[in-house]
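Chemist: Sending over a structure as structure tokens; questions will come in a sec.
The values are calculated or read from the model by the stated rules, or taken from the named source; none is laboratory data. A quick note: this is a predicted structure, and the numbers were derived from the prediction, not measured. No Cβ is skipped: glycine too gets one built from the backbone with ideal geometry, and neighbour counts run over all protein chains shown.
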Amino acid sequence: MPRAIWSGSISFGLLNVPVKLYSAVARRNIALREIRESDSARIKHRLFADGTDEEVPRDKIVKAFELTAGNYVPLSKDELDAMAPEKTRAVDVVDFVDIEEIDPMYFNSPYYLGPAEGAEKAYSLLAAAMESAGKAAIARFVFRNKEQLAALRASEGVLTLTTMRFADEVVPPGELDEVLPSSKPKVAKKEQEMAEQLIESLSTTFKPSDYRDEYREQLLQLIERKAEGKEIVSSGAEAPKATKAPDLMAALEESIAAVKDKKPAKSAPKKAPKKAKAKSAKAKKSSSSRAKAKSSK
């Protein structure tokens, strides 16, 4: 059974729904240790004062803000604790918005919300109402000693909470003037149409299970081969080169042709149903003729 990592209450209006927070992500990182190559001795990191060989105990270390090079404003633990947000158990809903209005760049870490004991009905009511309205709730709550902005969503009767970045944490495109093109290159209509055609030919329904962490799989295979004593031969990979402007059309045409070759050919529509309809129509006609002949007799 999953273990709750936080408990509190969703609060909006006069309604309070006690909930528990569960991680929605299973970390699959491969833990690698640092060792000395010659004898596999574990490496330990120690803290030294800059410019000296003196090791500094952790209880003698304080945090500081660097005003200018070498000029610091030290902050004690008590001062930082006094500035910490008040630890509450409330997820305070501020607004309800359409989820499509939120740029995915603002999303951070996802979690599941489950009902606390005795709050099952209130939880189901909130989930059903949010799902029916197609709305997400923007809320604030204190988690791990930090005030968090979060989006609450409902799907199939389950509430999820995703922490969000504040507006000043997302870099606006305007700050990338030195990186982005200074002038917008002119794009030919034919080039755009072909690019759209290529996008359409590669479009499909999103299925998360179709995508795997190929690097992690290859790293595990490498570890297994080395553990078995097999020799590893590395192959250098070249970085792909950008397609030059004069070659765009040719590259688009070749890409579209390649996609068509990979896709299975659609089978021709069967004409049997039409024949069957024709036969049934003739049968109806002949049966009605026989019926008329009998009635005339």
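Chemist: More than 30 Å from Val17 (Cβ to Cβ), surrounded by 12 or more Cβ atoms within 10 Å (Cβ to Cβ) and either touching a helix residue (DSSP H, G or I) at 6+ places or on another chain (Cβ under 6 Å) or of a type outside the set (Lys, Arg) (or both), is that true of Val91?
Modeler: Against the criterion (more than 30 Å from Val17 (Cβ to Cβ), surrounded by 12 or more Cβ atoms within 10 Å (Cβ to Cβ) and either touching a helix residue (DSSP H, G or I) at 6+ places or on another chain (Cβ under 6 Å) or of a type outside the set (Lys, Arg) (or both)), Val91 does not qualify.
Chemist: What residue, of Ser201, Ser255, Ser209, is at pLDDT 75 or above, in a helix (DSSP H, G or I) and closer than 30 Å to Arg27 by Cα?
Modeler: Ser209
Chemist: Residues in the stretch 214-232: is at least one under 30 Å from Met194 (Cβ atoms), modelled with pLDDT of 80 or more and assigned to a helix (DSSP H, G or I)?
Modeler: Yes, the conditions are met somewhere in the stretch 214-232.
Chemist: Of Tyr72, Tyr111, which residue is within 29 Å of Pro172 (Cβ to Cβ) and not hydrophobic (A, V, I, L, M, F, W, C)?
Modeler: The match here is Tyr111.
Chemist: Oh, and also: Take the residues in the stretch 100-111 that are surrounded by 13 or more Cβ atoms within 10 Å (Cβ to Cβ) and more than 10 Å from the chain's Cα centre (by Cα); name whichever of them is nearest to Ala167 (Cα to Cα).
Modeler: This residue is Tyr106.
Chemist: Please state which one of Ala150, Ala154 is touching an Asp or Glu at 6+ places or on another chain (Cβ under 6 Å) and of a type in the set (A, V, I, L, M, F, W, C).
Modeler: Sole residue among the options that is touching an Asp or Glu at 6+ places or on another chain (Cβ under 6 Å) and of a type in the set (A, V, I, L, M, F, W, C): Ala154.
Chemist: For the stretch 60-88, what are the residues that are loosely packed, with under 10 Cβ neighbours inside 10 Å and either more than 39 Å from the chain's Cα centre (by Cα) or assigned to a strand (DSSP E or B) (or both)?
Modeler: Once the filter is applied, which keeps residues that are loosely packed, with under 10 Cβ neighbours inside 10 Å and either more than 39 Å from the chain's Cα centre (by Cα) or assigned to a strand (DSSP E or B) (or both), the stretch 60-88 yields Lys60, Phe65, Glu66, Leu67, Thr68, Gly70, Asn71, Val73, Pro74.
Chemist: Related question: Of the numbered conditions (1) part of a strand (DSSP E or B); (2) loosely packed, with under 10 Cβ neighbours inside 10 Å, Thr162 satisfies every one except a single condition; which is it?
Modeler: Checking Thr162 against (1) part of a strand (DSSP E or B); (2) loosely packed, with under 10 Cβ neighbours inside 10 Å, the one that fails is (2).
Chemist: Can you name the condition, by its number, that Gly174 falls short on among (1) among the small types (Gly, Ala, Ser); (2) farther than 30 Å from Ala31 by Cα; (3) part of a loop (DSSP other than H, G, I, E, B)?
Modeler: In the conditions (1) among the small types (Gly, Ala, Ser); (2) farther than 30 Å from Ala31 by Cα; (3) part of a loop (DSSP other than H, G, I, E, B), Gly174 misses (3) alone.
Let's see how each residue does on (1) touching a residue at least 24 places away in the same chain (Cβ under 8 Å); (2) within 22 Å of Arg144 (Cβ to Cβ); (3) hydrophobic (A, V, I, L, M, F, W, C):
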| residue | (1), (2), (3) |
| --- | --- |
| Lys20 | yes, yes, no |
| Ser23 | yes, yes, no |
| Leu32 | no, no, yes |
| Asp39 | no, no, no |
| Arg42 | no, no, no |
| His45 | no, no, no |
| Phe48 | no, no, yes |
| Pro57 | no, no, no |
| Thr68 | no, no, no |
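Chemist: What pairs can you find where one residue is in the stretch 172-200 and under 28 Å from Ser255 (Cα atoms), the other is in a helix (DSSP H, G or I) and of a type in the set (S, T, N, Q), and their Cβ atoms are less than 9 Å apart, with a gap of 6+ or different chains?
Modeler: Met194/Ser255; Leu198/Ser255
Chemist: Ok, one more. How about the stretch 146-164: which of its residues are under 18 Å from Met105 (Cβ atoms) and over 17 Å from the mean Cα position of the chain (by Cα)?
Modeler: Gln148, Leu149
Chemist: Sort out which residues of the stretch 15-45 are surrounded by 14 or more Cβ atoms within 10 Å (Cβ to Cβ) and assigned to a loop (DSSP other than H, G, I, E, B), and write them in order of number.
Modeler: The answer is Ala24, and nothing else.
Chemist: Restricting to the stretch 116-159, give me the number of residues that are among the hydroxyl-bearing types (Ser, Thr, Tyr), assigned to a helix (DSSP H, G or I) and more than 15 Å from Ser9 (Cα to Cα).
Modeler: Number satisfying all stated conditions: 1.
Chemist: In this structure, is Lys135 surrounded by fewer than 18 Cβ atoms within 10 Å (Cβ to Cβ), closer than 22 Å to Glu100 by Cβ and not polar (S, T, N, Q)?
Modeler: Yes; evaluated as a whole, the condition is true for this residue.
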